[in-house]
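Working notes, structure below.
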Amino acid sequence: MNSDKIRNWAHFAEIVSGIAVVFTLVFVVLEIRGNSDLVRANAFDRSMESLIQLRTNIASNDASLRVMADHWGIENPEVLRQQLLVVSMWSIYEKTYYSHQYGLVGVAEWERFEKRICGYSQSRMDFWKESVSVFLTEEFRNFVIDSCQQSS
């Protein structure tokens, strides 16, 4: 009778440990998925920062601005300067959008950016569509168009 009791406890312990293993695996998978999102957001952030820095450097250096205007076939370097600076601003908006999507920027903080995004895109929609949107991801462009049309 004692050995039956021990055997029953052993089976019970085996079932409990199996359940614990399943919960542990689920937890590990969720943590890996969350970590992957964080790594992806961080990689995007670093890449965008490099582009913003490059654009800022070109816009702030007249010689570089003339070289790049010539390279891109833009007759007026000041037009290029404006585009570089505006696109850099929109790159910051886009970075913040993705940070919000990954849960790294809270609702209150995001609200501030969303108001600026919609305010600017609505007041300058033609310029935005022609000169800015081509530098943004399709997902973010669609967000701007859909979200800002609903809020107007």
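Nothing in this text is a laboratory measurement; each read-out follows from the coordinates by a stated rule. On a predicted model such as this, the values are computed, not experimentally measured, just so you know. Note: ideal-geometry Cβ built from the backbone for every residue, glycine included; neighbour counts use all protein chains shown.
Considering only 21, 134, 39, the Gaussian network model of the chain with Cα springs below 10 Å gives its largest mean-square fluctuation to 21.
When the Gaussian network model of the chain links Cα atoms closer than 10 Å, the mean-square fluctuations of 51, 104, 25 top out at 25.
Within the listed set 62, 37, 45, the Gaussian network model of the chain (springs between alpha-carbon atoms below 10 Å) gives the highest mean-square fluctuation for 62.
Rounded if a/c is under 1.5, else prolate if a/b is larger than b/c, else oblate: which is the stretch 3-43, with a ≥ b ≥ c the root eigenvalues of its Cα gyration tensor? Please list the in-between numbers first.
Details: a/c = 10.83, a/b = 8.85, b/c = 1.22.
Here the stretch 3-43 falls in the prolate category.
Report the FRET efficiency, 1/(1 + (r/R0)^6), for residue 56 and residue 22, where r is their Cβ-Cβ distance and R0 is 41 Å, rounded to 0.05. Computed FRET efficiency for residue 56 and residue 22: 0.20. The angle between the Cα long axis of helix 138-151 and the main principal axis of the chain comes to about 80°, on a 0 to 90 degree scale.
Ordered by the number of other Cβ atoms lying within 10 Å of each residue's own Cβ, fewest first, 117, 15 fall into the sequence 15, 117. Cα centroids of the stretch 1-22 and the stretch 79-99: 61 Å apart.
The C-alpha atoms of the chain define a longest principal axis, and helix 2-60 lies at about 10 degrees to it. Close amide H partners of residue 74, meaning residues 5 or more places away or on another chain with modelled amide H under 5 Å apart, do not exist here. Across the alpha-carbon set of the stretch 43-151, the Rg to Rh ratio works out to 1.00, Rh being the Kirkwood radius.
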